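> Here it is, the structure, as structure tokens.
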There are 2 protein chains.
Amino acid sequence: MAPSAATQSFKLNHTMLRVKDPEVSLKFYQDVMGMSLIDEHDGGDFKLFFLAYEHQNVAHRAQREGILELTWNKGTEKDDKFAYHNGNDEPQGFGHIAVSVDNLEESCKRFEELGVRFKKRPQDGKMRSIAFIYDPDNYWIEIIPNMTSK
Amino acid sequence: MAPSAATQSFKLNHTMLRVKDPEVSLKFYQDVMGMSLIDEHDGGDFKLFFLAYEHQNVAHRAQREGILELTWNKGTEKDDKFAYHNGNDEPQGFGHIAVSVDNLEESCKRFEELGVRFKKRPQDGKMRSIAFIYDPDNYWIEIIPNMTSK
């Protein structure tokens, strides 16, 4: 079945990840990853933060793709033992989000300088054209070249 | 820190989910959700499938946002007891992906007709403007209106 009239408006709008401490995560996704906080919603005992590469798209939040929604269940940040499950340790499921960049080497060099934790540097293993970093909750972020430059 | 020169090329390229049976998942994401299979990669003991709303963007796969990567670890589909973890049962982490649509009511009616399993229909609970459906691996997909129509 080809994409039909019924689905022609559909967009993959966002991916939601729970985060333990929004202060730490917002700093990471804004300062390190370069995303913008485009919206937030306080639900009482939880709060949602919507981040995106604003320079990639100026449409209304519901009319674009590539949004990251971070859900903070208030209070988790105060529990030293609390941690979310990243989907790669057992039980497995969700794997990673991926960010494409125009210069993998320069981007990874900058991540190193900013103290980002790497799961796989470009030079590790066989696949030289990808890297994996950890976000503050240990979710994996794959870094890939966008093929517009080397 | 504002988005800097160092991150101005960055895009949130894709989200990766592991799936048990690619035949079932590809049928669901193509026929029900209306996505196109834009690339695949056979890694020997695993295979990757890249799906996207192709009508939303014609750029190279690495230069766009909103891609769903499904990872199939070959053989899981033959194990009746095998199941991936959706991140919402304990231990929690990943929450959902979201698809925005121009007509929530019509889209949900069509999902019903196609036998899609609902976690939350629009009329369930307080939030009438969203629905949640399950994909074949029980991952949650939020369905939201894109605000271009009612």
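> Give me the lysines in straight-line cross-link reach of B:K120: C-alpha distance below 18 Å, same-chain residues under 8 apart excluded.
The qualifying lysines are B:K109.
> With an 8 Å cut-off on Cα pairs and a minimum separation of 6 or more residues, tell me the relative contact order of region A:14-78 in percent.
The normalised contact order for region A:14-78 reaches 44 percent.
> Is the C-alpha gyration tensor of the protein assembly as shown telling us rounded, prolate or oblate? Criteria: a/c under 1.5 is rounded; beyond that, a/b larger than b/c is prolate, otherwise oblate.
rounded
> Output the antiparallel fraction of DSSP beta bridges having both residues in region A:14-78, as a percent to the nearest 5.
Numbers: 12 of 18 bridges.
So the antiparallel bridges in region A:14-78 amount to around 65 percent.
> Hey, another quick one. Modelling each spin label as a point 7 Å along the Cα-to-Cβ direction, I'd like the B:F118/A:D42 distance in nm, to one decimal.
3.3
> Now for a different question. Along the principal axes of its C-alpha atoms, what lengths does region B:14-78 span, in descending order and rounded to whole Å?
Largest first, region B:14-78 extends 35, 24, 15 Å along its Cα principal axes.
A short reminder: the numbers here are calculations on the coordinates, not readings from a lab. Owing to the predicted nature of the structure, the values given are computational and were not obtained by experimental measurement. We place every Cβ from the backbone using ideal geometry, glycine too, and count neighbours over all the protein chains shown.
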